[in-house]
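Structure first, commentary second.
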Amino acid sequence: MAILLVFEFPMEGPWGAEMAKEFKGLAEDIATEPGLIWKVWTEAPERKTGGGVYLFEDENSARAYTAKHSKRLNDFGISGIDVRQFSVNKPLSAITRGR
């Protein structure tokens, strides 16, 4: 069963094009994660919040990534990480062009 993860955490920036430039290597690393189908990067400068929405093939891949990324964020000095995990209802998602 596919698993959707939502990460949100306090962030001072960078934002936009500068974020894309500075985090390119991180994005390339995340792209190699076992079981990752896709990630959408999120940013809300007005709330000083960053994060992402991920779709994983299975719960084990999602759990492993949650542990790895939470540690990485903590190592960057980021706390207050909110992680939410959801199972994907494939029949309904297919109707609305989801996966």
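The values are calculated or read from the model by the stated rules, or taken from the named source; none is laboratory data. Since the model is a prediction, treat every value here as computed from it, not as a measurement. Cβ: placed from backbone, ideal geometry, glycine included. Neighbour counts: every protein chain shown.
Values computed for the structure shown
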{"read-out": "Failed criterion for V83 (all others in (1) out of contact with any Ser or Thr (no Cβ under 6 Å at 6 or more places or on another chain); (2) β-branched (V, I, T); (3) not in a helix (DSSP H, G or I) hold)", "value": "(1)"}
{"read-out": "Looking only at the stretch 15-53, and only at residues there that are aliphatic (A, V, I, L, M) and in contact with a strand residue (DSSP E or B) (Cβ under 7 Å, 6 or more places away or on another chain), the one that is surrounded by the fewest Cβ atoms within 10 Å (Cβ to Cβ)", "value": "V40"}
{"read-out": "Test: residue in the stretch 21-41 that is over 29 Å from L92 (Cβ atoms) and in contact (Cβ under 8 Å) with a residue 60 or more places away in the chain", "value": "no"}
{"read-out": "Evaluation of A94 against (1) surrounded by 12 or more Cβ atoms within 10 Å (Cβ to Cβ); (2) assigned to a helix (DSSP H, G or I) (one fails), failing number", "value": "(1)"}
{"read-out": "Top-ranked residue in the stretch 79-99 [being of a type in the set (A, V, I, L, M) and touching a helix residue (DSSP H, G or I) at 6+ places or on another chain (Cβ under 9 Å); ranked as nearest to A31 (Cα to Cα)]", "value": "V83"}
{"read-out": "Selection count where residues are of a type in the set (V, I, T) and over 16 Å from I3 (Cα atoms), scope the stretch 60-98", "value": "4"}
{"read-out": "Residue match in the stretch 54-77 (condition: in contact with a Lys or Arg (Cβ under 8 Å, 6 or more places away or on another chain), at pLDDT below 95, surrounded by fewer than 14 Cβ atoms within 10 Å (Cβ to Cβ) and not hydrophobic (A, V, I, L, M, F, W, C))", "value": "no"}
